[in-house]
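Read through the structure below, which is laid out as structure tokens, and then see the notes.
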Ligand SMILES: [Zn+2]
């Protein structure tokens, strides 16, 4: 069977409309499920596959991408000329834009015909470009709208004050160049199997079907596959396929914390020793498992060695050329080591959480990076170790969500490693073989003079991180009290001491008063007293609880 081009296009569009009707019925099912209380959540990830293709294909892929961006730029201009289109939803906007640009029997004379730019562009290629242009236009015009609003507000304020300071914030500019990866909508690809795919590509002179071999991981079954994209990385082309997974949406953190069977996995990230220390606990505070992940010392040693080598090379070369990466191989190696470790650690964290049935991951907010003195390699190393913490958090967050809806939360990092997870008093931190006094930052062991708790310092910190989150359900103001509230609630001097002495009595007779004086000065005691004011019941409960080890 063979059709004339316009007829073929007509059939393709019909097919697309059929797809759409299936899509809308799926949406309907979704909304019904939602009404019945079964909320669905989505997780998307991208499968990246390296490709194997004859060398001349690289030029074809590039030509295809250039054409795609030309069409996107064209549609962006059309939208700029008809701003009203953005008031429509995506489907309406697509129809309106096609009416403006696409010649059909019922629409013989469009205002801005796309055929002026290039003839015989496939319908799905056009629609992909329209959607890309719509996305960019929506984001550009919304930031323009925000900018206009800010400007108006500024000018109104100036006239009220009788001054005339000009509004200096620059307006957003529309994209000057386009470099979007071209997606392949249905009908632009076919015969996809584990090791190959056929793509319809503009080669620079014609549209042709190319068979391309895919390498790397297989596509998972059972998930909704999006449109594949050809993406250039360096001088190679890759195929990116978004995969969408739907699952029952997890309840909000605060709702989960009120359910007795919820388990949370708290993570303490470090710069050295163990990169991550995770502990799983139930919402009543029962400690269920702990895991020490990663050897930070080895990672930082490796990185430091590489940085040192770069420094040495630089000192030997003397001048570094501008706009040119020196020691490119060594930098690439450092980047790859960091990336690899962040992926390993984050997936170990998520594995540990799933193994113990945790449904919430808790991290601390990252503190600020304190600039350090020292050699180039040392400064560069601490900076990268700090970035690594952020990267582990980001990766763990998306991996946890993708694994089936584990939610990630963050808590205030203040004093998590200084407080005892058992009685919330201040701990002593020391290294093996050292006297048990004072606070040595970064030391491995900790000891609580109030309740005689002894533990690994990072494990204690991770337990405190988890408790911080649980405390949210008990006293909403506890974690981060607003300055004004805090001032208003400050009790008269002396009362704090009274309360903490009460608490001391409940803790039992094992506390030598003299030692307490060493570590809890007047200020600290008052603070703890205040916290007790917030949640007296829970604290007593935590003191009576048996300490599981
Ligand atoms: Zn303690």
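The values are calculated or read from the model by the stated rules, or taken from the named source; none is laboratory data. Values in this document were obtained by computation on a predicted structure and should not be read as measured data. Quick reminder, even Gly has a Cβ in these numbers, built from the backbone with ideal geometry, and neighbours come from all protein chains shown.
The number of residues in segment 102-122 being surrounded by 12 or more Cβ atoms within 10 Å (Cβ to Cβ) and not in a loop (DSSP other than H, G, I, E, B) comes to 2. Summed over segment 211-236, the residues that are loosely packed, with under 15 Cβ neighbours inside 10 Å and farther than 20 Å from residue 42 by Cα give a count of 11.
Listed conditions (1) buried (at least 21 other Cβ atoms within 10 Å of the Cβ); (2) in a helix (DSSP H, G or I) are all met by residue 363, apart from (2). In summary, residue 155 fulfils each of the numbered conditions (1) assigned to a helix (DSSP H, G or I); (2) touching a residue at least 60 places away in the same chain (Cβ under 8 Å); (3) surrounded by fewer than 18 Cβ atoms within 10 Å (Cβ to Cβ) with the single exception of condition (2). Filtering segment 170-190 to residues that are more than 20 Å from residue 130 (Cβ to Cβ) and surrounded by 10 or more Cβ atoms within 10 Å (Cβ to Cβ) leaves 171, 172, 190. When you scan segment 336-352, do you find a residue that is out of contact with any strand residue (DSSP E or B) (no Cβ under 8 Å at 6 or more places or on another chain), under 26 Å from residue 414 (Cα atoms) and loosely packed, with under 11 Cβ neighbours inside 10 Å, even just one? No: segment 336-352 contains no residue that is out of contact with any strand residue (DSSP E or B) (no Cβ under 8 Å at 6 or more places or on another chain), under 26 Å from residue 414 (Cα atoms) and loosely packed, with under 11 Cβ neighbours inside 10 Å. Candidates in segment 439-451 are the residues that are modelled with pLDDT of 85 or more and in contact with a helix residue (DSSP H, G or I) (Cβ under 7 Å, 6 or more places away or on another chain); of these, the one that is farthest from the ligand (Cβ to nearest atom) is 445. Against the test of being within 16 Å of the ligand (Cβ to nearest atom) and surrounded by fewer than 16 Cβ atoms within 10 Å (Cβ to Cβ), the options 464, 429, 414, 454 yield a single qualifying residue, 454. Among strands (runs of 3 or more DSSP E) entirely within segment 236-284, having at least 1 residues that are over 21 Å from residue 398 (Cβ atoms) singles out 236-248, 276-282. Of all residues in segment 404-414, none satisfies being touching a strand residue (DSSP E or B) at 6+ places or on another chain (Cβ under 6 Å), closer than 30 Å to residue 246 by Cα and in a helix (DSSP H, G or I).
Here's the yes/no breakdown for (1) at pLDDT 90 or above; (2) in contact with a strand residue (DSSP E or B) (Cβ under 7 Å, 6 or more places away or on another chain); (3) more than 26 Å from residue 202 (Cβ to Cβ):
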residue	(1), (2), (3)
95	no, no, no
103	no, no, no
106	no, no, yes
112	no, no, no
122	no, yes, no
125	no, no, no
133	no, no, no
141	no, no, yes
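If you check residue 382 against the conditions, is it more than 30 Å from residue 248 (Cα to Cα), within 16 Å of the ligand (Cβ to nearest atom) and surrounded by 15 or more Cβ atoms within 10 Å (Cβ to Cβ)? So residue 382 fails the test.
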